[in-house]
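Please read the structure below before turning to the comments.
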Amino acid sequence: MTSPLIDKLVELKGVESNYIDAWGKPARVNEQSKSKLLEAMGYQVKDSDALEKQVEVEFQQMWMSPLNPVQVNREAKDLYITVRLPIELVNDDFELSILCENGDLLSQKFVPIDGDLINTSLIDEIEFQEYLVKIELSLTIGYHTLRLMAEDGDIISSMRLIMAPASCYHPEQIEQGNKIWGLSVQLYCLRSATNWGVGDFTDLAKLVEESAKKGAQFVGLNPIHALYPANPNACSPYGPSSRRWLNFIYIDVTAIEGYLSDDVQQIVNDAEFTATLEYARNVDYVDYEAVTRLKLRALEAVFNYQQSKYLTKNTKQNKEFKAFVEQGGDSLEMLAVYDALQESLAAQNKPSWGWPVFPKEYADFQSSAVAKFKKANASRVKFYLFLQWQAALQLEAANQVAEKHQMTIGIYRDLAVGVSEGSAEIWGNKDLYCTDASVGAPPDVLGPLGQNWGLPPMNPDKLYHQQYQPIIDLFDSNMKSSGALRIDHVMALLRLWWVARGDNAKDGGYVYYPVDDLLGILALESQRHKSLVIGEDLGTVPEEIKSKLAENGVYSYRVFFFEQAEDGGFYSPSHYPIQSMSTLTTHDMPTLSGYWHCHDLELGKELGLYPTDEILAELYVSRHENKQKILDSLHGHSSIPEWIDQKVDQLGMSKELNFGMQTHMAGGSSALLSLQLEDWLQMDKPVNIPGTFNEYPNWKRKLTRQLEHIFTDPELVELAQNLTNARLNASK
C-alpha cells in the first residue's frame, strides 16, 4: 500500500504522520490510514501506474499555469508573486495589471529574468522557469484581480490577490479594557407564549432586549444554518445543509405581512392546526416534524398573499426580494432548488434523505434534469427563496434591537465546522468535498473512543483552486446581522481529523489546511463586518494554532472545567488570557447541575459510551476529586457563602453554589464571559451528548421556563446585577 510516491504525496498534501494526543503523548497515524485519506482526495493509490500518471498531469498543469490561482498577503508587508513561463519568454516585456475591488486599475511593467529565479522544470522537453516578482504598487485591503499581460495587451493569465489586515476586529470598548458578559442559548430551546413550539427570531429580539436591560452585552447562539425542510428530524445545528443560509424554522410566521389575511387565518384557526400548535408549544422536547408541518403550511399561505400583492408586480417589496435573490447568487438558488426537489421526492415516497440517494438524473445540481425540475417548479423554488429572505429580515430586526440598546457585541453567531453528507452545499459543489471521508476527532476527554461527525471535509487543494471563494462566502454570510462570530472547532483552519469511510474514528489522521491564508481572509471579513471572532479551541490543540490565533486577534475559548493545573487544582479565572471568552459549560457538556450530580456519567453508562467499567470508575473518582478542588477554589476566593460545606462528599448543587460559580467567573480577566441560560435556570438535562445519535434526544430539549418569566424573576435579576458589578470591578 505504501511507496515513495505515496510518501511524497502524504507530505505534499498535508497528511500528518505524527501528532500529540489530548493527553500530551506522541501518537502516530498508521500507513494504511494515510493511504486511505489520499484515496479520499481522489488519488488512485491502489494502482501505481495510474497514480504516477495522475501526479504527473497535476505537476504539469501547475507548471503550465503562469500564475497561482490565489494569493493572500497582509497589508504593510512586501508583496511578491511567482510567475512561471517557458524559457523562451523570460526575456520579454510583460505587464502586471491589477483591477482593484474599488474599480481602480493599477499596472506595473516587468521582465521576468530581472526577478529572482527560484525554480525550473522540464515539461514535454520545454524548460519552464519560475520567477519571484516584487509588486511595487500600493494596494488597499480587499479582493483584487491580478492579470499577467503580454506586450500587445493580451491577457495570459489571472489570479485573485487578497490583501488582508493584520488582525481581526476588536470593539473599541473591549480595547479600552472593558470586560463584559452575555448569555448563550440554543435558539430552538426558547419557550414563549407566542412561538410555535420552537424559539424564533421574535423570541431572539425579546431575549436580546431583556438581556441588554440587565447588563448583558451579547447573546450567543447555536448555529442557525439551513437544515432540511423535507427531513425535519435531521435537526443537528452542526450537521447543516448549508452554512451560508438560515434555518427557516426560526421565522416568526405571525410577524410577516399577510399573516392576518383571511386565507391564512382560516388555516391557523382550524381545530386540528390549533391542537397541534398547543401540543408543540407544551411538549418538553422540540417536535421538529410537527413544528415544520405547521410553519410550512402557514408560510405557504403567507407567501401566496405576498406573491399576489407584491412579488409579481413592480413594487418596493418585489425589488427588495429580487435584490436579495440576486445577491445570494448560485448558492441561494441551489439551496432553494434542493429544498424543493427533496420535498418533491419525499412526497413521491422516493429516497430523499440527501443527494446520495436521489435518482441518478438529480444527483448533480448542474444536470439538465435539475434544470428542467427548476423550470417546472419555479413557484415552489421561489417559495424557498422567499423563506430565506424573510429569515434574513427577521434576524436583522433582532440585530437592530441589539444596536438600539448599544450592546458592545449584540448577537454572536456560531459557524459549524462542516455540512452533512447529504447537504445542498455538497450537492452544488461536489468537486470541493471529499465525500469518502468525514471530519471528526481523535480520542480525547470528551470522546474516549474518538468522534466521527459525518461531515465530509473540504479538499484543501480544491479550495485553493476555487480561489478560497467558499471560505470567503462562509465568513461573509455568517458575520451578517451580528457583532461576533464563534468558529466551532477553530483548529479546522489549521488541520482537521479525517476519517476514511468505514473506519473507526480512532483510525483517522490529520490533514493540514493553509492556515495563514484562511486567517488572513478571516481578518479581512472581520474588519469589514466589525465582527469580533471567537475560536473554539478545545480538544487536541497544537501550540502552533494557539499562537497564530492570538496573533491574528482571535479570542480563545476558556472553559472553567478544563482549566486545571498539573496538581489538579483549577486556575483562577483571574489568570485567563484577556483575549479570551470564558465560560463554565458548553453545549457538548453537562449543565452545572448535571456535572455536579454526575448525570453525564450516568447517561454515558446507559448509552455505552465508556469502553470498560474501569474507565467509568476512574471518571467517577476524578469527578469527585475535581469537585473538591472546585469547592476549595470557590471558598478560597470567597465566591460562595461561608456556610456552604467545605467538603464535597454530601454537598449537592444549590442555587447559592450555582450562582456563586457564575459570579466567580465574572471576576476573571477574560474580556468576554459567556453563561448558559440553562445554568441560570438550574437545569440538569444536557443539550447534546457527543458520540450519540438516536440514543439521546440531542438538540431538542427546551428550557424549563418561558422567556417572559425569566427576566422578571428577582433572583435572576439580582444575579445579572452581580455579574455586571463583578465585570465592572474586573475592568478596573
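Checking Lys350 against (1) in contact (Cβ under 8 Å) with a residue 40 or more places away in the chain; (2) more than 15 Å from Ile426 (Cα to Cα), which single condition isn't satisfied?
(1)
Find all pairs meeting these conditions: Cβ atoms under 7 angstrom apart; at least six residues apart or on different chains; first residue within region 659-677 and under 18 Å from Ile409 (Cβ atoms) and outside any loop (DSSP other than H, G, I, E, B); second residue among the aliphatic types (A, V, I, L, M) and at pLDDT below 95.
none
What strands (runs of 3 or more DSSP E) completely inside region 1-78 contain at least 2 residues that are among the polar types (S, T, N, Q)? Walk me through it before giving the result.
Values: elements: 18-20, 26-28, 70-74.
Correct list: 70-74.
Does Ala416 satisfy being at pLDDT 95 or above, under 19 Å from the mean Cα position of the chain (by Cα) and closer than 24 Å to Lys506 by Cα?
Numbers: at pLDDT 95 or above: yes; under 19 Å from the mean Cα position of the chain (by Cα): yes; closer than 24 Å to Lys506 by Cα: yes.
Considered against the rule, which asks whether it is at pLDDT 95 or above, under 19 Å from the mean Cα position of the chain (by Cα) and closer than 24 Å to Lys506 by Cα, Ala416 comes out as yes.
Say we look at region 254-275 and pick out the residues that are of a type outside the set (Asp, Glu), free of Cβ contacts under 8 Å to residues at least 12 places away in the same chain and closer than 16 Å to Gly197 by Cβ; which of these is surrounded by the fewest Cβ atoms within 10 Å (Cβ to Cβ)?
Filtering region 254-275 for residues that are of a type outside the set (Asp, Glu), free of Cβ contacts under 8 Å to residues at least 12 places away in the same chain and closer than 16 Å to Gly197 by Cβ, the one surrounded by the fewest Cβ atoms within 10 Å (Cβ to Cβ) comes out as Ala275.
Of everything in region 105-115, what is more than 41 Å from the chain's Cα centre (by Cα) and part of a strand (DSSP E or B)? Give them in sequence order.
Correct list: Lys109, Phe110.
Return the residues of region 495-550 that are assigned to a helix (DSSP H, G or I), among the small types (Gly, Ala, Ser) and either within 21 Å of Lys13 (Cβ to Cβ) or touching a residue at least 40 places away in the same chain (Cβ under 8 Å) (or both); say none if nothing qualifies. Working first, answer last.
Going residue by residue through region 495-550, those that are assigned to a helix (DSSP H, G or I) are 505-507, 515-529, 543-550.
Among the residues that remain, those that are also among the small types (Gly, Ala, Ser) are: 505, 520, 523, 526, 547, 550.
Ala505, Gly520, Ala523, Ser526 - these are the residues of region 495-550 that are assigned to a helix (DSSP H, G or I), among the small types (Gly, Ala, Ser) and either within 21 Å of Lys13 (Cβ to Cβ) or touching a residue at least 40 places away in the same chain (Cβ under 8 Å) (or both).
Which members of region 436-465 meet the condition of being in contact with a Pro (Cβ under 8 Å, 6 or more places away or on another chain), free of Cβ contacts under 8 Å to residues at least 60 places away in the same chain and closer than 30 Å to Met159 by Cβ?
Met458, Leu463
Looking for something out of contact with any Pro (no Cβ under 7 Å at 6 or more places or on another chain), surrounded by 20 or more Cβ atoms within 10 Å (Cβ to Cβ), hydroxyl-bearing (Ser, Thr, Tyr) and touching a residue at least 24 places away in the same chain (Cβ under 8 Å) - is there at least one such residue anywhere in region 153-167?
no
Determine which single condition Leu260 fails, assuming it passes every other condition in (1) among the hydrophobic types (A, V, I, L, M, F, W, C); (2) over 29 Å from the mean Cα position of the chain (by Cα); (3) assigned to a helix (DSSP H, G or I).
It fails just one condition, (3).
Checking Phe659 against (1) surrounded by fewer than 22 Cβ atoms within 10 Å (Cβ to Cβ); (2) of a type in the set (A, V, I, L, M, F, W, C); (3) over 30 Å from Leu609 (Cβ atoms), only one condition comes out false. Which one?
The failed condition is (1).
Among all residue pairs at least 6 apart or on different chains, which show Cβ distances below 9 Å where the first residue, located in region 392-405, is not in a helix (DSSP H, G or I) and the second is not small (Gly, Ala, Ser)?
Listed pairs, sorted by first residue: His405/Val208; His405/Glu209; His405/Lys213.
Here are the criteria: (1) polar (S, T, N, Q); (2) surrounded by fewer than 24 Cβ atoms within 10 Å (Cβ to Cβ); (3) part of a helix (DSSP H, G or I). Tell me which single one Ser211 does not satisfy.
(2)
Answer yes if at least one residue in region 224-243 is more than 25 Å from Ser352 (Cα to Cα), buried (at least 23 other Cβ atoms within 10 Å of the Cβ) and in contact (Cβ under 8 Å) with a residue 40 or more places away in the chain, and no otherwise. Write out each step before concluding.
Kept after step one, since they are more than 25 Å from Ser352 (Cα to Cα), are these residues of region 224-243: none.
Within region 224-243 (the criterion being more than 25 Å from Ser352 (Cα to Cα), buried (at least 23 other Cβ atoms within 10 Å of the Cβ) and in contact (Cβ under 8 Å) with a residue 40 or more places away in the chain), the answer is no, since none of the residues qualifies.
With the structure loaded, tell me whether Leu85 is of a type outside the set (Lys, Arg), buried (at least 19 other Cβ atoms within 10 Å of the Cβ), modelled with pLDDT of 95 or more and in a helix (DSSP H, G or I) or whether it fails that test. Lay out the reasoning, then the answer.
Working: of a type outside the set (Lys, Arg): yes; buried (at least 19 other Cβ atoms within 10 Å of the Cβ): yes; modelled with pLDDT of 95 or more: yes; in a helix (DSSP H, G or I): no.
Criteria not met by Leu85.
Taking Thr315, is it under 26 Å from the mean Cα position of the chain (by Cα) and over 30 Å from Gln469 (Cα atoms)? Spell out how you get there, then give the answer.
On the way: under 26 Å from the mean Cα position of the chain (by Cα): no; over 30 Å from Gln469 (Cα atoms): yes.
No.
Quick check on my filter: what residues within region 551-572 are touching a residue at least 40 places away in the same chain (Cβ under 8 Å) and either over 22 Å from Val185 (Cα atoms) or in contact with a Cys (Cβ under 7 Å, 6 or more places away or on another chain) (or both)?
Correct list: Glu551, Asn552, Gly553, Val554, Gln564, Gly568, Gly569, Phe570, Ser572.
Output yes when any residue across region 605-621 is touching a strand residue (DSSP E or B) at 6+ places or on another chain (Cβ under 7 Å), among the acidic types (Asp, Glu) and either free of Cβ contacts under 8 Å to residues at least 60 places away in the same chain or over 23 Å from Gln451 (Cα atoms) (or both), and no when none is.
Filtering region 605-621 down to residues touching a strand residue (DSSP E or B) at 6+ places or on another chain (Cβ under 7 Å) leaves none.
No: region 605-621 contains no residue that is touching a strand residue (DSSP E or B) at 6+ places or on another chain (Cβ under 7 Å), among the acidic types (Asp, Glu) and either free of Cβ contacts under 8 Å to residues at least 60 places away in the same chain or over 23 Å from Gln451 (Cα atoms) (or both).
Of the numbered conditions (1) in contact with a helix residue (DSSP H, G or I) (Cβ under 6 Å, 6 or more places away or on another chain); (2) not in a loop (DSSP other than H, G, I, E, B), Pro443 satisfies every one except a single condition; which is it?
(2)
Any idea which of (1) in contact with a strand residue (DSSP E or B) (Cβ under 9 Å, 6 or more places away or on another chain); (2) under 17 Å from Arg84 (Cβ atoms) is the one Asp124 doesn't satisfy?
Just one mismatch for Asp124, condition (1).
For Tyr433, are the conditions met, namely being aromatic (Phe, Trp, Tyr), over 19 Å from Tyr228 (Cα atoms) and under 17 Å from the mean Cα position of the chain (by Cα)?
Values: aromatic (Phe, Trp, Tyr): yes; over 19 Å from Tyr228 (Cα atoms): yes; under 17 Å from the mean Cα position of the chain (by Cα): yes.
Against the criterion (aromatic (Phe, Trp, Tyr), over 19 Å from Tyr228 (Cα atoms) and under 17 Å from the mean Cα position of the chain (by Cα)), Tyr433 qualifies.
Quick check: is even one residue across region 206-219 out of contact with any helix residue (DSSP H, G or I) (no Cβ under 7 Å at 6 or more places or on another chain), within 27 Å of Leu294 (Cβ to Cβ) and of a type in the set (A, V, I, L, M)?
No.
If the requirement is being modelled with pLDDT of 95 or more and at positive phi, which of these qualifies: Gly199, Gly215, Gly182, Gly220?
Gly215
Looking at this structure, is Glu625 under 24 Å from Lys702 (Cα atoms), of a type outside the set (Phe, Trp, Tyr) and assigned to a helix (DSSP H, G or I)?
On the way: under 24 Å from Lys702 (Cα atoms): no; of a type outside the set (Phe, Trp, Tyr): yes; assigned to a helix (DSSP H, G or I): yes.
So Glu625 fails the test.
Going by the conditions given, is Ile251 within 29 Å of Thr704 (Cβ to Cβ), among the hydrophobic types (A, V, I, L, M, F, W, C) and surrounded by 14 or more Cβ atoms within 10 Å (Cβ to Cβ)?
On the way: within 29 Å of Thr704 (Cβ to Cβ): yes; among the hydrophobic types (A, V, I, L, M, F, W, C): yes; surrounded by 14 or more Cβ atoms within 10 Å (Cβ to Cβ): yes.
Judged against the criteria, Ile251 is a match.
Could you list, in sequence order, all residues of region 596-615 that are part of a helix (DSSP H, G or I) and surrounded by fewer than 17 Cβ atoms within 10 Å (Cβ to Cβ)?
First pass over region 596-615, keeping only residues part of a helix (DSSP H, G or I): 596, 599-606, 613-615.
Matches in region 596-615: His599, Glu602, Lys605, Glu606, Asp613, Glu614, Ile615.
Among the numbered conditions (1) in contact with a Phe, Trp or Tyr (Cβ under 8 Å, 6 or more places away or on another chain); (2) without any contact (Cβ under 8 Å) to a residue 60 or more places away in the chain; (3) among the β-branched types (Val, Ile, Thr); (4) closer than 30 Å to Glu525 by Cβ, tell me where Val83 comes up short.
Status for Val83: all satisfied but (2).
The values are calculated or read from the model by the stated rules, or taken from the named source; none is laboratory data. What you see is a predicted model, and the numbers here were worked out from it, not measured in a lab. FYI the Cβ positions are ideal-geometry reconstructions off the backbone, even for glycines, and counts take in every protein chain you see.
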